[in-house]
Structure formats: structure tokens, C-alpha cells
Amino acid sequence: MSHASSEFIAANVAILTVSDSRGAADDTSGQYLQEAAQEAGHQVVERAIVKDNIYQIRAQVSAWIADERLQAVLITGGTGFTARDNTPEALLPLFDREVEGFGELFRMVSYEEIGTATIQSRALAGLANQTVIFAMPGSTRACRTAWERIIEEQLDARHRPCNFQPHLKKP
């Protein structure tokens, strides 16, 4: 059975930048994700920047998961291997179901660009309260790779044989 539609369905998206150093003026990754989502036809209804702190990340994402308007959360930053990279630890307890294939596929396509350094990426995704959450590295290049090679198709109801639209809440 196909989980695809013949029509585009816009998703209501929130974008979170996890950074100890970036502000609104220099958040190039968050800006890229906002522009890419809007160009694809989606509505960016929330955007925030939080420090790389498990509880700040978890609090913001939890609020968005509970928000009946939001269907997708795009997170940039905090997925590396340093002690200050806490996004996976913040998100995993929130997921109803992890989307293991996102991290696997991101590292596979990222390998073409950065080689074995991709093993230090802890990109991940999951579903929580019918909201799909994609967390990717903080570089704008990594966000572009994730969006263009994976996320854009998976948020598009027309993508066959399947996409995430049927699993998302209806605002």
C-alpha cells in the first residue's frame, strides 16, 4: 500500500538551533532550513535558538511536540561527539518511535562529502505525538545535505512509495 498523495500537503514546521555561540544574526543553518522549508511550500511557524543544554533542548522540543499546530521539528546543532553535544540525549526520551534510518542514511550520504568524519555525527530522528523530529549537525552544509537528500522528500506527501505525512497530526 502506498503512503503517497497526488497533492502537496504543507507541513507546519518549527526550527530549533542548538548553539552556545550563535544568535539570530549569525544562525546561518537555521536560516537555511527556514528558507528551504518555505521554498518547498511548508509553513515555518516557530523558530528558536537554545543553548546546548539537555533540559533547554528538551523543554523547547517538548513544547513543540505538544503544540497542536506543529507537525515537524527541524533541529540543527548539538549532534557531534564533544561533551557539549547533547541533542541526542535530550531527544531520545521524547520519542514515541525512533527513525533509525534517518541517522544511517544521513551518515551514508554525508560520507560522500566528508569521508570517515561522518562517523562522529549523531544525527537522529523520531516521531513524538504525531510530530516528526529531524536533528542534524550544526553546519549549514550538513543541513543542506539532510534537507536536499532526505527531509524534503520525506515531508512531501507526493513522495512514493512512502513519506511521513500520513503519520503527522492534522492541525
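Some values worked out for this structure:
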item: Amide H contacts of Asn129 (H built 1.01 Å from N, under 5 Å, at least 5 apart or other chain); result: Asp96
item: Extension gain, Glu35 back to Asn53 (0.36 nm per residue minus Cα-Cα distance, nm); result: 3.9 nm
item: Signed unit charges on C-beta, dipole axis of the chain, positive-most listed residue Ala24, Leu91, Ala11; result: Leu91
item: Ratio of Rg to Rh over region 12-90 (Cα coordinates, Kirkwood Rh, two decimals); result: 0.96
item: Under Karplus coefficients 6.51, -1.76 and 1.60, residue-wise ³J(HN,Hα) of region 132-146 in Hz, glycine/proline x; result: 8, 10, 10, 10, 10, x, x, 6, 4, 4, 5, 5, 4, 4, 4
item: Sulfur and carbon atoms: percent of accessible area, region 14-165 [1.4 Å]; result: 50 percent
item: Computed Rg/Rh of region 14-165, alpha carbon atoms with Kirkwood Rh; result: 0.92
item: Charge dipole magnitude, Cβ of K and R +1, D and E -1 - region 74-124, Cα centre, debye nearest 20; result: 140 debye
item: Amide H within-cut-off set for Arg158, under 5 Å, with H built and near neighbours excluded; result: Ser5, Ile9
item: Magnitude of the charge dipole, the chain, Cβ model with Lys/Arg +1 and Asp/Glu -1, debye to 20; result: 180 debye
item: Computed over region 14-165: relative contact order in percent, which uses C-alpha pairs under 8 Å that are six or more apart; result: 25 percent
item: Relative contact order %, region 13-102, counting alpha carbon pairs below 8 Å whose residues are six or more apart; result: 36 percent
item: In Hz, Karplus ³J(HN,Hα) per residue of region 27-41 (6.51, -1.76, 1.60; θ = phi - 60°; x = Gly, Pro); result: 8, 5, 5, x, 5, 4, 4, 4, 5, 5, 5, 5, 4, 6, x
item: Approximate spin-label separation Glu148-Leu92, in nm, with each point projected 7 Å along Cα-to-Cβ; result: 3.2 nm
item: Derived scalar couplings ³J(HN,Hα) [region 76-93; Karplus, 6.51 cos²θ - 1.76 cosθ + 1.60; whole Hz; x for Gly, Pro]; result: 10, x, x, 10, x, 10, 7, 5, 8, 9, 10, 4, x, 5, 6, 8, 3, x
item: Long-range amide H partners of Ile15 with built H, under 5 Å; result: Glu46, Arg47, Ala48, Leu74
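The values are calculated or read from the model by the stated rules, or taken from the named source; none is laboratory data. Please read all numbers here as calculations on a predicted model, not as lab measurements. All Cβ positions, glycine included, derive from the backbone under ideal geometry; neighbour counts span all protein chains shown. Heavy atoms of the whole protein, side chains included, go into the accessibility calculation; ligands, DNA and RNA do not. Shrake-Rupley method; radii C 1.70, N 1.55, O 1.52, S 1.80 Å.
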